[in-house]
Amino acid sequence: MHITPLPILGNSSKILFRQTSILDYSHDLYKTFSHERYYGSHQFNSPVLHIKDIDLIKKITVKSFDQFVDRNGSITEDVDPLIGKSLLNLKGQRWRDMRAILSPSFTSSKMKMMFELISECAKEFTKYFEKQNKTLFEVEMKDIFTRYTNDAIATVAFGFKCNSVENENNEFYKMAKEATKFSGTAFLKFFLYSCIPKLSKFLKLRLIPTPAATFFRRIVKDTLNKREKEGLIRPDMIHLLMEARTGIIVNDDSYVPDAGFAATTESKILHSETKPKLKLSDEDITAQALIFISGGFETSSTLMSFIAYELAMNEEIQKKLQMEIDKTLYKCNGKLTYEAVHKMKYMDMVVSET
């Protein structure tokens, strides 16, 4: 089952001419094929398979991931190195090797390690509002949440600390906004890559602006040099990739709650002395760290904005959630833990439903 495509434009004409949003387009497709487990459409000239069935999604992305290689990304590293070298665009054995390196970063034990870093960002975020000492304080929710997610990504993926609520114009925040901007010329470049990839390669169009790419390369290089010289260890993505580069993969056997679909199965490899098949360069590490920006910068802040809206519109839900938060913090003596968050059933319901 699929939607009949138009020449060249496929099924993307309504999105291209701004007659509908990607979200509404996806929702309409979902309703059109309400009884199907999967269905097809065309993104310009490329056929796209949409998977609806949850079990099938898990089978493809987790259990049988190694059978579904080579994404349809057409951006190669000779045109845009940071996008071309990311896991999203790698192909064949190189993709398999990179995925094997990155997967241990998303186990429950590694998430628990990184939880402390995100918690620190939350504390700084809270302190900012406490310092205002006002009964009523007006903010633009999307902006304030984007600044929080920016700080969380900076500390977890790049080992870089920045308080974007206090320091509104810090360079990391500005460059992250540039790297994720999807309007104007950026949209036109994406359209050309999707519709006429050969022309895009010939013109050597880069999706990430040069100033942003240069900035993130410098951040990663400086961090790597500092840690290698001083022997610094910090529980973040950079550290995990540094371990992978040297061939050391450590498995933490301590008990942690199962993060469900959000986490991968714990690695069974202990202190492997063998060198990884894929040699990770500074550029490779930067490319993988950038996935966090493209995957989490706008998405997480948008979700948080919708949660804030729904809680404002549903006061009884807000009160019930606040009671659970207060109860959890009381049990933790004011210091939230990874395990405590997993016990917050109502919080999980609110986030999941939003």
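Out of the residues in the stretch 202-226 that are under 16 Å from Leu82 (Cβ atoms) and without any contact (Cβ under 8 Å) to a residue 40 or more places away in the chain, which is surrounded by the fewest Cβ atoms within 10 Å (Cβ to Cβ)? Looking at residues that are under 16 Å from Leu82 (Cβ atoms) and without any contact (Cβ under 8 Å) to a residue 40 or more places away in the chain, I get Thr210.
Filtered by the rule that a residue be surrounded by 15 or more Cβ atoms within 10 Å (Cβ to Cβ) and among the basic types (Lys, Arg), the stretch 20-52 gives a lone residue, Lys52.
Kindly check whether there is at least one residue in the stretch 31-42 that is out of contact with any Ser or Thr (no Cβ under 7 Å at 6 or more places or on another chain), of a type in the set (Asp, Glu), part of a helix (DSSP H, G or I) and at pLDDT 90 or above. No; the residues of the stretch 31-42 include none that is out of contact with any Ser or Thr (no Cβ under 7 Å at 6 or more places or on another chain), of a type in the set (Asp, Glu), part of a helix (DSSP H, G or I) and at pLDDT 90 or above.
Can you tell me which residue is farthest from Met111 (Cα to Cα) among those in the stretch 227-246 that are basic (Lys, Arg) and surrounded by fewer than 18 Cβ atoms within 10 Å (Cβ to Cβ)? If you could, list the steps in order and put the result at the bottom.
Filtering the stretch 227-246 for residues basic (Lys, Arg) gives 227, 229, 234, 245.
Retained after the next criterion (residues that are surrounded by fewer than 18 Cβ atoms within 10 Å (Cβ to Cβ)): 227, 229, 234.
On the way: Arg227: 21, Lys229: 26, Arg234: 13 Å.
My answer is Lys229.
Of all residues in the stretch 238-248, those that are assigned to a helix (DSSP H, G or I) and β-branched (Val, Ile, Thr) total 2.
Out of the residues in the stretch 320-354 meeting the condition of being among the small types (Gly, Ala, Ser) and part of a helix (DSSP H, G or I), tell me which one is surrounded by the fewest Cβ atoms within 10 Å (Cβ to Cβ). The extreme case among them is Ser352.
The set of residues in the stretch 52-88 that are in contact with a helix residue (DSSP H, G or I) (Cβ under 6 Å, 6 or more places away or on another chain), without any contact (Cβ under 8 Å) to a residue 60 or more places away in the chain and within 20 Å of Ile196 (Cβ to Cβ) contains only Glu77. Scanning the stretch 287-304 for residues that are modelled with pLDDT under 90 and of a type in the set (S, T, N, Q) returns a single hit, Ser294.
Only one of the listed residues (Thr223, Thr185, Thr214, Thr180) is among the β-branched types (Val, Ile, Thr), assigned by TED's automatic domain parsing to the domain that holds Asp143 and in contact with a Ser or Thr (Cβ under 7 Å, 6 or more places away or on another chain). That residue is Thr180.
Please go through the stretch 282-319 and give me each residue that is free of Cβ contacts under 8 Å to residues at least 40 places away in the same chain, surrounded by 14 or more Cβ atoms within 10 Å (Cβ to Cβ) and not polar (S, T, N, Q), ordered by number. Talk me through it step by step, then tell me what you get.
Here is the first cut: in the stretch 282-319, the residues free of Cβ contacts under 8 Å to residues at least 40 places away in the same chain are 295, 299, 311-319.
From what is left, the residues that are surrounded by 14 or more Cβ atoms within 10 Å (Cβ to Cβ) are 295, 311, 317-318.
Selection gives Gly295, Leu311, Ile317.
The values are calculated or read from the model by the stated rules, or taken from the named source; none is laboratory data. Computed from a predicted model, the values in this text were never measured in an experiment. Cβ coordinates were reconstructed from backbone atoms using ideal geometry, including for glycine residues, and neighbour counts include every protein chain displayed.
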